[in-house]
Amino acid sequence: MRGCPYHFGVAIHPDWGQLPSGEGLPGGPSGGGDPGIVPASQPQRRRRRGRWLGSVVLLAGCAALVVSGYQVYSGTRPRTFTPSQQRQIMGWEVAARWRQLPAGTIFPASMTYSPPPALADGGKLTLSARRLAIATQKPCPQATDQAAAAIFGRTGCEAVLRSTYEDETGTFLATVGIAAFPTAAQASAAQQALSSPQLAQVGNFDVVAPGVQAAAFPGTPAAGFDNARRQLSATVLAGPYVVMYTVGYADNRPKVQVDVDDYTYSEMLAIGLGLADKAGDGLTTPAPVPHCPGSPGC
């Protein structure tokens, strides 16, 4: 029993036969004490102290081995992301799409949109617009009005993508512009500033808020579509993007006061807002939830 760990520290009785008869025993011939108690000698106390110290060292070694094993195990496990890290990675992926997606994916060959309420009273109706051309990527100041460029400059705009569409009747042209930002917060700050009522030029035969410049393309119905022919302009927010649109007539018709012509205004608003919403939705489809291995940062 002397070698069992769970007996460590319990007084060990020596073999009675190893002691001279009665020597050192309180109940022996030289004493009258209890014969069941055996006083420990100095060597025995040293042995017990040595065993105690050895057990402490052994336990410390085992603890260190367990910690080291856990660290090795943790280092070999696949990395995991916290919910906050997952949202951040998903945000990065959405914000990078303007660089990664083909231009024809960002601006499809055709897009559908809902008509103004005046045309939808007979049931569900869907209108469409066809893409005339896609402009080359431009720095933000080169594709936007001066007031918009100033706002974009202080909020971190990275670039502007543009494309011009024609409605299926050949009446209206709409340039859709996408201003890309590193984060949704920066895009939101820019869009709020652009939506300030003080910046909108309401009246003087137009409803043009600062935003995207019209994109003209030679050899298309938009060959003469310039800023002087814009009738309506506005913006919508789509995650880390500010999607801008401006609408005008496809012919050389002079500006009309569309803000007092409800029907014309609603038609222009329908195509501009409809195309902008579709373009924004295509860029901001939620990214897959990242899981290691295989995701950035793994």
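Annotation: Y265 carries an accessible surface of approximately 70 Å², with a 1.4 Å probe and no ligand, DNA or RNA atoms counted. When the alpha carbon coordinates of the range 74-194 are projected onto the principal axes, the ranges are 63, 39, 27 Å, largest first.
What the Cβ-Cβ distance of K138 and T80 gives, at R0 = 41 Å and to the nearest 0.05, is a FRET efficiency of 0.50. A probe of 1.4 angstrom, applied to the heavy atoms of all protein chains, finds L161 with accessible area near 20 square angstrom.
The values are calculated or read from the model by the stated rules, or taken from the named source; none is laboratory data. All values reported here derive from a predicted model rather than from experimental measurement. Quick reminder, even Gly has a Cβ in these numbers, built from the backbone with ideal geometry, and neighbours come from all protein chains shown. Ligands, DNA and RNA are excluded from the accessible area calculation, which covers all protein heavy atoms including side chains. Shrake-Rupley method; radii C 1.70, N 1.55, O 1.52, S 1.80 Å.
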